[in-house]
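Here's the structure, in structure tokens; my notes come after.
The values are calculated or read from the model by the stated rules, or taken from the named source; none is laboratory data. Quick caveat: nothing in here was measured; it's all calculated off a predicted structure. Glycine gets a Cβ as well: all are built from the backbone with ideal geometry, and neighbour counts include every protein chain shown.
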Amino acid sequence: MTHSSLLPQHPLSGTSGLSAGPDAIDAGLLTQLANDLFRDPPPNPAPQLPPSEPGAPTPDYYFLEPAPAAATGSPWNQAPAPFGLDTFQPELVPSLDPAPGPFDVHTVRRDFPILAERIHGKPLVWLDNAATTQKPNAVIDRIAAFYRHENSNIHRAAHDLAARSTDAYEGAREKVRRFLNAPSVQDIVFVRGATEAINLVAQSWGRRFIGPGDEIVITWLEHHSNIVPWQQLAAEKGARLRVAPIDERGEVILEEYEKLLNSRTRLVSLTHVSNALGTINPVKDLTALAHRHGAKVLVDGAQAVSHLQADVQDIDADFYVFSGHKVFGPTGIGVLYGRSEILNATPPWQGGGNMIADVTFERTVYHAAPARFEAGTGNIADAVGLGAALDYLSRLGLENVQRHEHELLVYGTEALSRIPGLRIIGTAREKAGVLSFVLEGHRPEEVGAALNREGIAVRSGHHCAQPALRRFGLEASVRPSLALYNTRSDLDALVAAVQQLQKGHPRY
Ligand code: PLP
């Protein structure tokens with residue numbers, strides 16, 4: 001007996017079609033497979049529970065349905081774990097402290113072990129937060145605890161560790177929902193990061209809903225990850241990419257932005273906070289204007305979420321994306337928020353396990369969001385770590401963080417501006433986190449290397465935002481960037497090192 005005779009016979013071809021190779025599949029089957037690829041799921045796909053013995057108690061494990069609410073009665077629904085492995089208890093529903101205590105940066109710094117490192121014999125001054133943030137013990141310990149106590153694949157097994165890991169993963173989704181004030185956990189898709197989230201929207205939603213002659217609007221402030229996917233899509237579809245200009249301060253020129261919007265605009269994709277200049281875009285107003293023309297709006301929150309409250313309902317965003325590693329969470333995990341109705345009208349991006357409700361060789365029925373966009377085994381442990389990071393930030397209170405960072409931004413801007421030959425790049429009235437500058441007579445890379453010798457970590461280069469810097473006639477800048485654990489002393493060290501360079505070194 002051959003393998004092909006074991007395979008189910010296709011009703012149209014009379015062969016299995018699969019073992020005989022693609023050439024053997026007839027046109028009807030191909031058409032049907034193609035149609036099925038874009039078949040919408042039933043509105044509420046039924047859970048695929050295994051048959052249980054008559055009279056047996058129903059286990060409260062997950063199988064296929066992400067349903068965090070249903071898990072509140074599970075044995076892992078405990079109070080949040082105190083930091084430290086000794087007292088670790090698996091958690092499900094976090095209780096976010098509704099009244100954060102006073103913000104003491106020196107206490108906060110002790111939560112971040114890496115800040116005690118010494119570089120070239122000097123205490124580390126971490127001012128490269130726009131590239132990535134450091135991780136508190138709460139996150140490091142939570143990930144270790146996951147691997148020590150909970151590790152399992154999720155959703156699909158009738159054993160305790162699968163229940164623990166699924167609870168932890170779906171609990172993290174609920175934390176993200178709460179953090180963004182999204183209406184539902186169904187709107188929260190775990191991805192690798194902001195870049196992957198934008199590519200997912202471009203390649204699934206964009207390919208379905210953007211056609212020849214349609215227009216996509218971005219701004220001059222965008223990170224390359226919010227430019228290139230739209231360029232690729234526009235080239236593929238014969239659509240047009242249009243760019244809203246910025247002024248000398250680094251603010252989007254509203255009248256010019258408005259002029260770009262029309263009935264052909266299908267999507268506006270814009271950053272919440274600029275990574276190169278620190279500009280906070282008035283995303284709520286920009287979104288409202290785009291909606292007036294019937295366009296959907298994607299907000300890139302990669303540089304926003306560690307600095308300010310991102311409320312997707314208040315902004316009225318259709319999509320909102322961010323990366324875990326920029327908000328004190330791990331690398332390799334990020335979030336795509338999308339309105340449920342939009343996500344469920346969007347074809348899946350990748351196919352595989354977890355995203356399907358039912359598969360036969362003839363057709364596949366997809367799950368609704370978020371599972372339809374989470375094919376395969378995801379980054380379970382780091383999603384849990386991200387949940388711990390958001391809890392940590394919520395406990396500190398974003399208003400406290402914002403106040404502290406604003407004070408630092410004003411202090412640092414004033415101090416740097418007094419240095420002869422130093423030009424601040426990006427002077428928007430609303431700014432967060434970033435102090436980009438160039439120093440006359442010194443290449444940005446040279447400044448970065450000199451600061452590194454003093455233990456000060458900054459980024460120097462184009463920051464993956466070449467159009468934004470070129471708008472100011474530059475190919476590169478020095479970019480110190482702030483986070484909640486930075487202090488005035490960090491900025492004093494930065495200013496002293498730049499002054500030293502300016503005084504002591506010959507021009508190149
Ligand atoms: N968008 C902005 C504004 C960014 O600053 C970055 C990274 O610096 C990204 C998107 C891409 O983030 P990731 O590399 O984590 O996907």
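When the test is whether a residue is away from the ligand (no atom under 16 Å from the Cβ), over 28 Å from Arg142 (Cβ atoms) and surrounded by 24 or more Cβ atoms within 10 Å (Cβ to Cβ), Asp358 does not pass it. Within the set of pairs 6 or more residues apart or between chains, which connect a residue that is within 16 Å of the ligand (Cβ to nearest atom) inside segment 303-321 to a residue that is among the aromatic types (Phe, Trp, Tyr) with Cβ atoms less than 7 Å apart? Hits for this filter: Val305/Phe322; Ser306/Phe328; Ala310/Tyr320; Phe319/Tyr337; Tyr320/Tyr337.
Whether a residue is among the basic types (Lys, Arg) and either in contact with a strand residue (DSSP E or B) (Cβ under 7 Å, 6 or more places away or on another chain) or assigned to a helix (DSSP H, G or I) (or both) was assessed, and Arg177 passes this test.
Let's see how each residue does on (1) at pLDDT 95 or above; (2) out of contact with any Asp or Glu (no Cβ under 8 Å at 6 or more places or on another chain):
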residue	(1), (2)
Phe437	yes, yes
Gln466	no, no
Asn486	yes, no
Ser489	yes, yes
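When you look at Arg443, is it more than 15 Å from Asp128 (Cβ to Cβ), out of contact with any Pro (no Cβ under 7 Å at 6 or more places or on another chain) and at pLDDT 95 or above, yes or no? Yes. Being farther than 25 Å from Leu408 by Cα, charged (D, E, K, R), at pLDDT 80 or above and more than 16 Å from the ligand (Cβ to nearest atom) is the requirement here; does Asp141 meet it? It is true that Asp141 is farther than 25 Å from Leu408 by Cα, charged (D, E, K, R), at pLDDT 80 or above and more than 16 Å from the ligand (Cβ to nearest atom).
If you go through segment 328-354 and keep only what is more than 16 Å from the ligand (Cβ to nearest atom), over 16 Å from the mean Cα position of the chain (by Cα) and in a loop (DSSP other than H, G, I, E, B), you end up with Ala345, Thr346, Pro347, Pro348, Gln350, Gly351, Gly352, Gly353, Asn354. Out of everything in segment 289-325 that is of a type in the set (S, T, N, Q) and not in a strand (DSSP E or B), what residue ends up being nearest to Ala381 (Cα to Cα)? Among those that are of a type in the set (S, T, N, Q) and not in a strand (DSSP E or B), it is Ser306.
Residues that are under 30 Å from Asp104 (Cβ atoms), of a type outside the set (Phe, Trp, Tyr) and touching a Ser or Thr at 6+ places or on another chain (Cβ under 9 Å) number at least 2 in the following strands (runs of 3 or more DSSP E) confined to segment 430-508: 477-479. Restricting attention to segment 241-269 and to residues that are of a type in the set (Val, Ile, Thr) and touching a Phe, Trp or Tyr at 6+ places or on another chain (Cβ under 7 Å), the residue that is surrounded by the most Cβ atoms within 10 Å (Cβ to Cβ) turns out to be Ile246. One residue stands out among those in segment 199-219 that are under 23 Å from Gln466 (Cα atoms) and surrounded by fewer than 24 Cβ atoms within 10 Å (Cβ to Cβ): the one that is nearest to the ligand (Cβ to nearest atom), which is Asn199. All of (1) away from the ligand (no atom under 16 Å from the Cβ); (2) touching a strand residue (DSSP E or B) at 6+ places or on another chain (Cβ under 7 Å) hold for Lys259 with one exception: (2). The residue pairs whose first member lies in segment 220-240 and is within 15 Å of the ligand (Cβ to nearest atom), whose second member is of a type in the set (Lys, Arg) and outside any helix (DSSP H, G or I), and whose beta carbons are closer than 9 Å, counting only pairs six or more residues apart or on different chains, are Trp220/Arg471; Leu221/Arg471. For segment 181-195, the criterion of being in a helix (DSSP H, G or I) and within 14 Å of the ligand (Cβ to nearest atom) is satisfied by at least one residue. Assessment of segment 486-498 against the conditions (at positive phi and surrounded by fewer than 23 Cβ atoms within 10 Å (Cβ to Cβ)) yields no matching residue.
Please tell me if Glu440 is charged (D, E, K, R), surrounded by fewer than 17 Cβ atoms within 10 Å (Cβ to Cβ) and under 23 Å from Leu124 (Cα atoms). In short, no.
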